[in-house]
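S.K.: One structure, pasted below without further comment.
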Amino acid sequence: MKRLSLVVSLLFAALLTGACGSTGPQEPTPVTFMLDWVPNTNHTGVFVARDKGYFAEAGLDVQIIEPGEVYPEAAVAGGAADFGISFQESVTLARAEKAPIVSVAAVLQHNTSGFASLASLGVTSPADFEGLRYGAWGSPSEAPTLQGLMECSGADFDTLEMVTTGFSDALALLAQKQVDLVWIYYGWQGVQAEQQGIDLNVVMMKDYVDCVPDYYTPVVIASEATVADKPDVVKAVLEALSRGYTYAAEHPDEAADVLLAAAPELDSALVKESQRWLSAYYVAEAPRWGEQKESVWQGYADWMVENGIVTTPIAVEDAFTNRFLP
């Protein structure tokens, strides 16, 4: 009888322990995070979150991977990656094709891209794009964006020559005078040009939002399934990323060192200066890192429909969410 009572007591204790969750240390949750390109200062907060232990403190074991033949949108939609870096434009295009991806955070608060030309050409506004040769990499938004900027400035878009260059080095194309105009991210290629002594004029997109709406580029994406089925993981990832990007915003030089340690093949001077320039855009005027506005998503989605980039409107309220941000 005593033995039976002891067995019952042990079983009850085991059940109670299980119910309370006291089963010992939990293994970290494995997470794959796909970048959109080789490591650069758009990604600094991800590497800070990993190398300073923010992911680990959130109970995560994060593997950062670079894209190969499959880009982040397809990898995340298909479950090959849990999270990835994308762009509002790409998310809108993907959702118009019924791809189940969601933007869960904005890496930068504003578009930091612009159209660059050699300073010797004297191009200072989209009105000066007339008669130039533009080096196109193949995005469906390139021609509508250029047309929108030029027509808004009273210029004739039909005079602009579109030259297909693919993903060739934009600065080299300009320096060799193979084209006159290229679309660059100033925080990387603009800084790179300064360091290489290439004198550029850059027409920044953020200065012409009345012509082409501002949009988030880049963003962090997850699949609808991950958002629905693993909300705790999404919240943990964004908590760590928020710490990483906030650190990078407040300590650009130290954050640059973290990126260089993770990708020592990068040019140290470029990374340092790029980080100082870009860090101001991680949070900017937003109340917190990652915040996204419905007006930004709706404005650019409407513009994409109006310009035939997508044929049907998307439900922007399903394309992004702020609810997992700390």
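The values are calculated or read from the model by the stated rules, or taken from the named source; none is laboratory data. Note that this is a predicted model, so its numbers are computed, not measured. Don't worry about glycine lacking a Cβ; one is built from the backbone with ideal geometry, like all the others, and counts go over all protein chains shown. Quick note on the areas: whole protein, heavy atoms, side chains included, nothing else; ligands and nucleic acids left out. Shrake-Rupley method; radii C 1.70, N 1.55, O 1.52, S 1.80 Å.
S.K.: Could you work out the helix-only [θ] at 222 nm for the chain, with each DSSP H run of four or more residues adding -39,500 (n - 2.57) and the total divided by the number of residues, to the nearest 500 deg cm²/dmol?
M.R.: Helices in the chain give a 222 nm mean residue ellipticity of -12500 deg cm²/dmol.
S.K.: I want the local charge near Y245. Using Cβ-Cβ distances under 14 Å, sum +1 for each Lys or Arg and -1 for each Asp or Glu among the other residues.
M.R.: On the way: positive: R50, K52, R243, R288; negative: D51, E239, E250, E254, E291.
That sum, taken over residues with Cβ under 14 Å, equals -1.
S.K.: Same structure again: For the chain, report the accessible area per residue in Å² (1.4 Å probe, heavy atoms, rounded to an integer).
M.R.: Values: 15130 Å² over 326 residues.
So the chain comes to 46 Å² accessible per residue, rounded to a whole number.
S.K.: On to the next question. How much of the accessible area of the chain, probe 1.4 Å, is carbon plus sulfur, in whole percent? Mind dumping the intermediate values first?
M.R.: Details: 7870 of 15130 Å².
Of all accessible area on the chain, carbon and sulfur atoms account for 52 percent.
S.K.: May I ask which of K98/K272; K230/K293; K52/K98 have a Cα-Cα span longer than 28 Å here?
M.R.: Values: K98/K272 40 Å; K230/K293 24 Å; K52/K98 37 Å.
K98/K272; K52/K98, as the Cα separations exceed 28 Å there.
S.K.: With a Förster radius of 30 Å, plug the Cβ-Cβ distance of V70 and A269 into 1/(1 + (r/R0)^6) and report the FRET value to the nearest 0.05. Write out the running numbers ahead of the final one.
M.R.: On the way: r = 33 Å, r/R0 = 1.10.
E between V70 and A269, to the nearest 0.05, is 0.35.
S.K.: So I have (1) 1.00; (2) 0.95; (3) 1.09, and one of them is Rg/Rh (Cα atoms, Kirkwood Rh) calculated from this model. Which one is it?
M.R.: (3)
S.K.: Roughly what % of DSSP beta bridges within the chain run antiparallel, to the nearest 5? If you can, show how the numbers build up before the last one.
M.R.: On the way: 19 of 33 bridges.
Among the beta bridges of the chain, antiparallel pairing accounts for roughly 60 percent.
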